[in-house]
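The values are calculated or read from the model by the stated rules, or taken from the named source; none is laboratory data. Everything numeric in this text was worked out from a predicted model, so none of it was measured. Quick reminder, even Gly has a Cβ in these numbers, built from the backbone with ideal geometry, and neighbours come from all protein chains shown.
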Amino acid sequence: MSAIYFILLMVKDALKYVSHLGFRAKMRANRVRIDSSASVFKGPDNELTLKPGVSIGKGSVITCSDEMAKKGVRSRIVVGEDTAINEYNNIRASGGEIIIGKKCIISQYVSMIASNHEINTTEYMKDALWDNGKTSVTIGDDVWIGAGAVILPGVRVGNGCVIASGAVVTKNVPDFSIVAGVPAKVVSQRPIHA
């Protein structure tokens, strides 16, 4: 019995690998570059859209699944044209959506999370469902997110913004703002351009 189980696991892994190769080939044909060490996962009935010119760097994890979501919640990630997601980023749209605009730069070790676990529960945190109060992150066009920044659920970052390295963004950021700190606060403005 264990030999059959082992063979079934090997076949399942092989099919997953072939499907993954097909996904990467389709992305390459659409001018999307995904480093071989990056992990990109889309669960069934969820939406993952990577527009032409997107690049995903070494060691990044992009997850779009409905794991632990309340029934009927669909997860979604959309990344706009010519956006660079550099090395070792964590972008998770489990139980929500993440929309990233065009021509953005996401530096290294950035975390973007669309939803958190409910904390007002008697269950173990590991078993708690996603909190449906804040279920999205929206990043405008022409945004630069510095290394190690964290963008929390419910946040909208406007067009042309700069998020300083190490900032923790807990509130909306107006267009062309430069924010820094924990929690992030506006420290300056960029010139407005077309």
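Among the residues of region 98-117, those that are surrounded by 18 or more Cβ atoms within 10 Å (Cβ to Cβ) and either touching a helix residue (DSSP H, G or I) at 6+ places or on another chain (Cβ under 9 Å) or assigned to a strand (DSSP E or B) (or both) comprise ILE98, ILE99, ILE100, ILE106, MET112, ILE113.
The residues of region 169-194 that are hydrophobic (A, V, I, L, M, F, W, C) and in contact with a Leu (Cβ under 7 Å, 6 or more places away or on another chain) amount to a single one, VAL169. Whether any residue in region 118-134 is closer than 20 Å to VAL173 by Cα and at pLDDT 95 or above is what I want to check. No, region 118-134 contains no residue that is closer than 20 Å to VAL173 by Cα and at pLDDT 95 or above. Screening region 138-194 for residues that are among the hydroxyl-bearing types (Ser, Thr, Tyr) and assigned to a strand (DSSP E or B) and picking the one that is surrounded by the most Cβ atoms within 10 Å (Cβ to Cβ) gives SER177. Filter region 24-47 for residues that are more than 17 Å from LYS58 (Cβ to Cβ), part of a loop (DSSP other than H, G, I, E, B) and charged (D, E, K, R); which is modelled with the lowest pLDDT? Here the answer is ASP45. Under the condition of being closer than 25 Å to GLY148 by Cβ, surrounded by fewer than 17 Cβ atoms within 10 Å (Cβ to Cβ) and not aromatic (Phe, Trp, Tyr), the residues counted in region 39-65 number 4. Could you pull out the residue among ARG92, ARG74 that is at pLDDT 90 or above and of a type outside the set (A, V, I, L, M)? Answer to the check: ARG92. With respect to the conditions (1) aromatic (Phe, Trp, Tyr); (2) within 19 Å of THR83 (Cβ to Cβ); (3) under 18 Å from the mean Cα position of the chain (by Cα), PHE176 lacks only one, and its number is (3).
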